[in-house]
Amino acid sequence: MKSFELYEPTTVSEAVSLLDKFGATGKVLGGGSDLVTGVMKDWVQGKGMPYPQQLVDLTTIKELSGIKVGSDGAHIGATTTLTDIIESKDLQQQVPLLTAAAASVASPLIRNFGTLGGNINQRPRCWFFRGENFNCYKKGGDFCYAVTGDNRYHAIIGGELCYIVHPSDTSTALLALNATAKVAGPGGVRDVPFDQYFIGPREDVLRENILKPNEVLTEVFIPAPAAGTKMGWTKLKDRQVYDFALTSVAVVFTANGATWSDGRVVLGGVSPVPYRAKVVEDAIKGKDIKSSISAAAAQIRTVARPMSLNAYKVDIAQGLVERTVLQALG
Ligand SMILES: Cc1cc2nc3c(=O)[nH]c(=O)nc-3n(C[C@H](O)[C@H](O)[C@H](O)COP(=O)(O)OP(=O)(O)OC[C@H]3O[C@@H](n4cnc5c(N)ncnc54)[C@H](O)[C@@H]3O)c2cc1C
C-alpha cells in the first residue's frame with residue numbers, strides 16, 4: 001500500500017476546502033473499511049481513478065455523528081456507525097426497514113466502525129473492477145470484462161457499458177424510504193433525494209453517484225412514514241456468514257384494507273444503481289395485494305436483461321419481491 005496524507009478537519013467547511021484543494025487525489029474517509037482496506041490495499045486504480053494521496057477524515061467532525069428522530073422523520077449524520085443505527089430504539093420503531101438492512105451489512109466488527117456515509121458511497125465489488133490486472137471502463141479503461149468473463153454476480157437490469165451492481169444495503173432501504181441526502185460542497189449545502197442521488201454508467205461510468213470530488217454527504221433525512229405504513233427487507237446471499245446481496249428487496253407501502261394504495265419496491269444487487277421497480281409498483285397499485293402480487297412480481301422479467309451466467313438472479317428477484325411484500329403485509 002502506498003503512503004498517504006491524513007487530514008482531520010473539525011468542521012464541514014474545512015473538509016470541503018481540503019477536498020477542493022486536493023482534487024481527484026483527495027478522498028473522503030469514513031471508517032475506511034472500503035476505501036483503505038479495500039480500494040487502496042488492493043491497488044484499485046487507473047487512468048480515470050488516481051490512487052488516493054490525501055484522505056480527509058470526517059469522523060473528527062463531531063456534528064456529523066448522531067441520530068435525531070422526531071415527528072417529521074429521522075436525521076442521521078453521515079459518520080454515524082451502522083451499529084449505532086441498528087441499536088437505535090427510535091429508528092427500530094420508526095424505520096425498521098433501515099435497521100434491518102443495516103444489520104444485514106458485513107460483520108459486527110465492520111458495522112462497529114463502518115459509517116452510513118461510507119456504506120452509501122462505497123465502490124462496487126465487481127471482481128474485475130477490484131482486480132489489479134483489469135483496466136475496465138470504471139477505472140478509465142475501454143472494456144467491461146464482465147461481458148465476456150464470469151458475470152454470475154453482475155447486473156441483470158440497467159447494465160450497459162459497465163455491469164456492476166450497487167453493493168450498498170442501506171442505499172436500497174433508503175431509496176424505498178424516500179430519503180434525502182444532504183450534500184455539502186464549496187457552493188453550499190443542497191438536498192438531493194435518493195431518487196436522484198445514484199447514477200448509472202451511461203451518465204458517468206467513473207462514479208456511482210452525483211457527488212463531485214469536493215463534495216461530502218453530511219446527513220440523511222428519512223421522512224416519517226404515514227401511520228400504518230408497512231415495510232420489509234429481504235437479502236439473499238451466497239452464504240450465511242457476511243456477504244454482499246445476490247439480490248435484496250426493500251418494500252414500503254400503505255394499504256387500504258387488502259388493497260395496495262401507494263408504495264415503493266426497490267431491489268439491490270441487480271443493477272448499477274439501487275433499482276426502483278416501478279413496473280412492479282404500477283402492476284400492484286389499487287389492487288388486492290395477496291391475489292395480485294405474484295403477477296406484479298413477474299413484471300421484473302419485462303425489464304431484466306441477464307448476461308450469460310446470471311439469469312438465475314431474475315428468478316430470485318421475482319421470488320423475493322413476492323415474498324417480501326407478503327411478509328410485510330403480515
Ligand atoms: C468483508 C466486507 C463485507 C462487506 N459486506 C457488506 C454488505 O454485506 N453490505 C454492504 O452494504 N456493505 C458491505 N461491505 C461494505 C461496508 O459495509 C462498507 O465498507 C462500510 O459500511 C463503509 O463504511 P466506511 O465508513 O468504512 O467507508 P469508507 O471505506 O471510509 O468509505 C467508503 C467510500 O465512501 C466514501 N465516503 C465515505 N463517507 C462519505 C461521505 N460522508 N460523503 C462522501 N463520500 C463518503 C469514501 O471516499 C469511499 O470511497 C462490506 C465490507 C467488507 C470489508
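The values are calculated or read from the model by the stated rules, or taken from the named source; none is laboratory data. Note that the structure is a prediction, hence the values are computed from the model and not measured. A quick note on method: Cβ atoms are made from the backbone with ideal geometry, for glycine too, and the neighbour counts reach across all protein chains shown. The protein model used for the area step is the full one, side chains on, heavy atoms only, and it has no ligands, DNA or RNA in it. Shrake-Rupley method; radii C 1.70, N 1.55, O 1.52, S 1.80 Å.
Before moving on, here are some points about what is shown:
- Checked across the stretch 106-127, the condition of being within 22 Å of I199 (Cα to Cα) and more than 12 Å from the ligand (Cβ to nearest atom) holds for at least one residue.
- Residue selected from the stretch 242-267 under the condition within 11 Å of the ligand (Cβ to nearest atom) and either free of Cβ contacts under 8 Å to residues at least 60 places away in the same chain or assigned to a strand (DSSP E or B) (or both), by the criterion nearest to the chain's Cα centre (by Cα): S248
- Subset of the stretch 145-200 [under 22 Å from N133 (Cα atoms), among the charged types (D, E, K, R) and part of a strand (DSSP E or B)]: E160
- Number of the exception - G46 against (1) within 14 Å of the ligand (Cβ to nearest atom); (2) open to solvent by less than 30 Å² (accessible area, probe 1.4 Å): (1)
- Evaluated against (1) charged (D, E, K, R); (2) open to solvent by 10 Å² or more (accessible area, probe 1.4 Å); (3) away from the ligand (no atom under 12 Å from the Cβ); (4) within 28 Å of W43 (Cα to Cα), D195 falls short on exactly one condition, (4).
- The sole residue among T234, T218, T229 that is within 28 Å of Q53 (Cβ to Cβ), out of contact with any His (no Cβ under 7 Å at 6 or more places or on another chain), crowded, with 16+ Cβ neighbours inside 10 Å and not aliphatic (A, V, I, L, M) is T218.
- Taking the criterion of being out of contact with any strand residue (DSSP E or B) (no Cβ under 9 Å at 6 or more places or on another chain) and either within 13 Å of the ligand (Cβ to nearest atom) or open to solvent by 20 Å² or more (accessible area, probe 1.4 Å) (or both), the residues of the stretch 135-158 that qualify are D142, F143, Y145, V147, T148, G149, D150, R152, Y153.
- Restricted to the stretch 34-111, the set of helices (runs of 4 or more DSSP H) holding at least 3 residues that are in contact (Cβ under 8 Å) with a residue 40 or more places away in the chain comprises 96-103.
- Those residues of the stretch 255-295 which are of a type in the set (K, R) and open to solvent by less than 50 Å² (accessible area, probe 1.4 Å), in sequence order: R264
- Among the residues listed as T99, T79, the single one being open to solvent by 10 Å² or more (accessible area, probe 1.4 Å), near the ligand (Cβ under 8 Å from one of its atoms) and among the hydroxyl-bearing types (S, T, Y): T79
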